[in-house]
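Attaching a single structure in structure tokens format; questions to follow.
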Amino acid sequence: MVSLTWGLLLISIGVVIVISLLVLGSVVVRGRRAAIATVPVERGASGLRWLWIGVGVSSIPLVVALVWTVSVLAAVSRPAGKPAVLIEITAAQWWWKARYLDPNPSRIFTTANEIHIPTGQPVQIRLRSADVIHSFWVPSLGGKTDTIPGQTNLTWLQADVPGTYRGQCTEFCGWQHAHMGLLVVAEAPAEFRLWEAAQIRPAPAPASPQIASGQDTFEYRCGACHTVRGSKAGGSVAPDLTHLMSRTTLAAATLPHTIGSLSGWIANPQAIKPGARMPAMEVSGPELERIRTYLQTLK
Amino acid sequence: MVTASAERVPRVASQADVSASELDEIWKTKPGITGWLSTVDHKKIGLRYIVTAFAFLLLGGLEALVMRVQLAQPDQRWLTPEQYNQLYSTHGMTMIFLYAMPILSGFSNYLWPLILGARDMAFPRLNALSYWIYLAAGLFMYAGFAIGAGPNDGWFNYVPLASRTYNPGMNEDFYALGMIFLGVSTTVGAVNFIVTFLRTRAPGMSINRVPILTWGTLTASVANVLVVPAVSLTFFLLWMDRQIGTHFFDVSQGGQPLLWQHLFWMFGHPWVYAIVLPAMGMVSDGLPVFCRRPLVGYAPVALSTVATMMLGFGVWVHHMFATGLPNLALSFFSGASIIITVPSAVAVFAWTATIWLGRPVITTAFLYFASMIVLFTIGGVSGFMTASVPVDWQLTDTYFVVAHIHYVLIGINVFPVIGGLYLWFPKMTGRMLNERLGLWNFWITFIGFNLTFLPMHLTGLRGMPRRIYTYPPGMGWDELNLITTAGSFLLALGILLLLINVVRSLRNGAVAGPNPWDAGTLEWATPSPPPPYNFRVIPQVASRHPLWESRLQETDERSFVDYGMVLDHGRETAGTTPLDGEPDIILKMPEDSYAPFLVAVAASAGFCGLLLHVWWLAGAGLLGVALALVVWLWPERKLGQRVGLQHV
């Protein structure tokens, strides 16, 4: 598909150069500054022959492009082999829910805004929307596909080179459309399996009274919207935070994952993403401290 | 309504034997506010369209400049997301609906009767109505923006984001109702153009002798008659979902978001051809003037105009390639979208050949017409790239598409329009635009435009999505955005120079005679500006270039502008047959009337009532429209509408 893009781009640039030279040439070679009434009116040569030659020649790249397009379309529409991983991604205003599916229900887990995939293997993605139309796009790994409420679209990715690939919503979806990114981390299959196993595990029980107190505060202040498996927090309208510490960014790839950003986000998300569905929680200093202590155990 | 009168065979005379002052008395508009509200003169209406459309162009341009300030650097928070969303949506709405079509309607309205050899459009009062409703609808839509409730979901406002659940304010109601309102203007205008083309051409102006501008506007009008009512209905469905509780697009009750996209784009794609084909016609008629020869390939160009529009009805899904539709459907639309390039290539090569095989005289108008060929090609190839489905899956909804749309819209609409202004300003005002200032205007506009939009192709290839109020640093977008912003201000300067040229030339421009460009078509046979009745006698036409016949020496037949039918028993023009232009009937034309203005006022009240849920006002508006229409359509003896029973 990359070479189709390059191919059409080169054809396009070629056409622009040829036509520009023809037009520029005609003006420079034939043009004159004169009082218009002094330049005689004459029908001149018919020119039709040139018109048909031009149209005929320019039709050739069109036909080539058409045939090439249809064959690439067929090739990229289906994964190269049987998908190794199946992820159901639900887009919402303004974050991405990712649910890793598995025939064994105990291996199903949910995460948000950062997905890991094994290198060298196709990954199938089911796309849904919780509210309006969004579009799932990881430019380096493939084309975009819209997420449309009321239907499930299918796409697939394959990363051959390990690395972190950034994606972004590409269908206008409201106020924070600009800040709805996601990360795709491609790693060797063995590392992927380790990550997967860690994600499947629920959050550990609090190891100290401070952490237990933090968990209580978290459940009380955050649990209506967020889920942390292994605690009483079971809200489903916001990102799953069970392994929050394993993510390199926050707020849908908007903030780097640091203590400062996390605190700032919890204290006032509206200052960072005005209109975000997470209200300014008006947590007090001690509350914020307790919540942070707990969140830092969610590795 | 104009009806036939077969009472007499008109006398044929030389124009010296016809009293100009009598004709002037018959046709002139009354002075003052009375005339201003009641005129049906196509020239006055055309000029109003042009001035109003330019005003909207400037507003839309200012909106763009504000956005470009925000986007010049990453992570700017000067504009809130809501402000940005209203700006980009209003910018799109303004440029596409309140500038691009009306400017072409304005030029066409002004020029058509003159270039066709008629005294007015077929339906002069309907013409006035189309302007008043355009003005009213534009003000209606901007009222929302003015109170902070402007459209905020883009110009193609997808559901569910446009539904009341996600957009509870009045923004989308202003837009939906405003579009329905505006659609009335476009539709009646289109009907007027079609009938004018078929019935009011000068005797002898057979269908293969009409200027290409009329082919362009005719094609656009036929398309508009089909698609504009359809989109008005679509917007009405949205309004009903939002305000009355229907569920056309509501997923929870079995509605479909994709239904909106199909309905909208079935209109939207033909629309974008409607807003460029008349402008292409202006190039096809303007280049020959400055190249001192007829257009190369008149028939292929006329046919390719129609072919482009017909194909344009079959490509709408290319706006929906990423929505998950099946490959077979996508392939069909991809193929059609690639093939539609072919008729466009006909025009590009016809224009280029006309320059090569002519003796081009370089004037500002010529530069605008010649440069648009290059801009057209750039816009065309970026469209060709996005026509390929897999490539579109990368490029759609990125700045690559923004680059594409601005190359096609500014390159194929604005540049020809400015060229047309330089060409026809002398005819409209009796003064020439200044050529020296014109050259500055052209170069700064051309460079500014390309500096703004050429980098956008790269910005899109590097992955910057559309419609984002800010972007993170370090994505490879920073410098490109800064260059684009700089270019946009240069472009604005270029447009400012155009304005200055217009204002100064209106007062101090060199006086223009009837035919300052020594051009060949009928409009140049009238004084500059033309009298209210256009032609003292109805011209008789024998070729495509009546004023060039003696020099082209291609036929022994000659056109006559100073000798023809005298139609001076009241307001009259000649009705001719659609294909051959044989004179067949005298068409009686209406006097000035307040009815169109009153219909527009009543309709405005009606739409305000719908917007505010003040149902009695909506009803009163409807009643007012009905009453004004009754007065308007009441049969009049003067128009030959009360013919007594004739015994055969």
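Can you quote the Å³ per residue value for the convex hull of the Cα atoms in the protein assembly as shown, rounded to an integer?
Once divided by residue count, the hull of the protein assembly as shown is 176 Å³.
Something else now. Based on the mean of other Cβ atoms within 10 Å per residue, sort peptides A:288-297, B:120-129, A:176-185 so the most packed one is first.
B:120-129, A:176-185, A:288-297
Using only the alpha carbon atoms of the range A:100-254, find the Kirkwood hydrodynamic radius as the inverse mean reciprocal pair distance, in angstroms to one decimal.
One over the average 1/r among Cα pairs gives 16.9 Å for the range A:100-254.
Could you run the Debye sum over the Cα atoms of chain B, one equal point scatterer each and no solvent, and tell me log10 of I(q)/I(0) at q = 0.10, 0.11, 0.12 Å⁻¹, two decimals?
For chain B at q = 0.10, 0.11, 0.12 Å⁻¹, log10 I(q)/I(0) is -0.94, -1.14, -1.34.
If we count every other residue with Cβ under 11 angstrom of B:Ser505's Cβ, Lys/Arg +1 and Asp/Glu -1, where does the sum land?
Net of charged neighbours comes to +2.
Count the net charge of all other residues whose Cβ sits under 10 Å from the Cβ of A:Arg221, scoring Lys and Arg as +1 and Asp and Glu as -1.
Local net charge: -3.
While we're on this one: How many angstrom lie between the Cα centre of the range A:235-268 and the Cα centre of the range A:128-173?
21 Å
Find which of A:Leu141, A:Val184, A:Trp96 sits farthest along the positive direction of the dipole of the range A:85-192, computed with +1 on the beta-carbon of Lys and Arg, -1 on that of Asp and Glu, about the Cα centre.
Result: A:Trp96, furthest along the dipole toward the positive end.
Right, next: Quantify how strongly other chains surround peptide B:509-520 by giving the mean number of their Cβ atoms within 10 Å of each of its Cβ atoms.
Mean number of neighbouring Cβ atoms from other chains: 1.
Here's another thing I want to ask about it. What does the charge add up to near B:Gly144, with Lys and Arg as +1, Asp and Glu as -1, over the other residues with Cβ less than 15 Å from its Cβ?
-4
Sorted by mean Cβ packing within 10 Å, highest first, what order do the peptides B:144-156, A:55-67 take?
Going from most to least packed, we get B:144-156, A:55-67.
Please compute the alpha carbon radius of gyration of the range B:359-399, then divide it by the globular-protein estimate 2.2 N^0.38 Å. Two decimals is fine.
Cα-based Rg divided by the globular estimate yields 1.70.
Semi-axes of the range A:5-141's equivalent ellipsoid from the Cα gyration tensor, sqrt of 5 times each eigenvalue, largest first, rounded to whole Å?
57, 19, 12
Principal axis extents for chain A, Cα atoms only, whole Å, descending order, please.
98, 48, 34
Treating only the Cβ atoms of Lys and Arg (+1) and Asp and Glu (-1) as charged, compute the dipole magnitude of the range A:85-192 about its Cα centre; round to the nearest 20 debye.
Taking the Cα centre of the range A:85-192 as origin, the dipole is about 160 debye.
Separate question: Quick one: Karplus J couplings for the range A:33-42, per residue in order, coefficients 6.51, -1.76, 1.60, θ = phi - 60°, nearest Hz, x for Gly and Pro?
After applying 6.51 cos²θ - 1.76 cosθ + 1.60, I find 9, 7, 5, 4, 6, 7, 8, x, 8, 8 Hz.
I need the Kirkwood Rh of the range A:85-192: take the reciprocal of the average 1/r across all distinct C-alpha pairs and report it in angstrom.
13.8 Å
So what's the back-of-envelope 222 nm ellipticity for chain B, counting only DSSP H runs of four-plus at -39500 (n - 2.57) apiece and dividing by all residues, rounded to 500?
Theoretical 222 nm ellipticity from helices: -20500 deg cm²/dmol.
Would you compute, from DSSP H runs of 4+ residues alone, the mean residue ellipticity of chain A at 222 nm, taking -39500 (n - 2.57) per run and dividing by the full residue count, rounded to the nearest 500?
-12000 deg cm²/dmol
What's the average, rounded to a whole number, of partner chain beta-carbon atoms within 10 Å of each residue's beta-carbon in A:6-13?
4
Just need log10 I(q)/I(0) for the range B:556-631 at q = 0.19 Å⁻¹, Debye formula, equal scatterers on the alpha-carbon atoms, no solvent, rounded to two decimals.
For the range B:556-631, the Cα-only Debye profile gives -0.82.
In the range B:5-40, which GluC sites (Glu not before Pro) fall in coil by DSSP and have 11 or fewer other Cβ atoms within 10 Å?
Counting only loop positions with at most 11 other Cβ atoms within 10 Å, the GluC sites (Glu not before Pro) in the range B:5-40 are B:Glu7.
Hey, another quick one. Once you have a ≥ b ≥ c as the square roots of the Cα gyration tensor eigenvalues for the range A:209-295, tell me rounded if a/c is under 1.5, and otherwise prolate or oblate according to whether a/b is larger than b/c.
rounded
If contacts are Cα pairs under 8 angstrom and at least 6 residues apart, what is the relative contact order of the range A:85-192 in percent?
Worked out over the range A:85-192, it gives 29 percent.
Can you divide the C-alpha Rg of the range B:141-258 by 2.2 N^0.38 Å and report the result to two decimal places?
That ratio works out to 1.40.
Exposure proxy check: B:Glu582, B:Glu572 ranked by fewest other beta carbons within 10 Å?
So the residues, fewest neighbours to most, are B:Glu582, B:Glu572.
What order do you get for B:99-110, A:114-125 when each peptide is scored by the mean count of other beta carbon atoms within 10 Å, highest first?
Sorting B:99-110, A:114-125 by mean packing, highest first, produces B:99-110, A:114-125.
Still on this structure, I have one more. Output ³J(HN,Hα) for the range B:322-331: one whole-Hz value per residue in order, computed from phi by the Karplus curve 6.51 cos²θ - 1.76 cosθ + 1.60 with θ = phi - 60°, and x for Gly and Pro.
Each residue of the range B:322-331 in turn: 8, 8, x, 6, x, 4, 4, 4, 4, 4 Hz.
Then there is this: If you average over every viewing direction, what projected area does the convex hull of the Cα atoms of the range A:127-172 give, in nm²?
3.3 nm²
How many partner chain Cβ atoms sit within 10 Å of a residue's Cβ in peptide B:546-553, on average, as a whole number?
Mean partner-chain Cβ count within 10 Å for B:546-553: 2.
Moving to a separate point now. Normalising by the residue count of chain A, find the relative contact order in percent from Cα pairs under 8 Å and 6+ residues apart.
Result for chain A is 14 percent.
If you don't mind, another one. Kindly identify the range B:204-306 as rounded, prolate or oblate by the Cα gyration tensor criterion: order the square roots of the eigenvalues as a ≥ b ≥ c, call it rounded if a/c is under 1.5, otherwise compare a/b with b/c, prolate if a/b is larger, else oblate.
prolate
Still on this structure: HN-Hα J couplings of the range B:478-495 from phi, Karplus 6.51/-1.76/1.60, θ = phi - 60°, integer Hz, Gly and Pro as x?
4, 5, 4, 5, 5, 4, 4, 5, 4, x, 5, 6, 5, 4, 4, 4, x, 5
Moving on to the next point. With a cut-off of 8 Å between alpha carbons and a minimum separation of six or more residues, what is the relative contact order of the range B:32-508 in percent?
Relative contact order here is 16 percent.
Under the rule a/c < 1.5 gives rounded, and otherwise a/b versus b/c splits prolate from oblate, where does the range A:19-60 land using the Cα gyration tensor?
oblate
Bear in mind these aren't lab numbers, they're just calculated from the coordinates by the rules spelled out. Please read all numbers here as calculations on a predicted model, not as lab measurements. With ideal geometry, Cβ positions are generated from the backbone for all residues, glycine too; neighbour counts draw on all protein chains shown.
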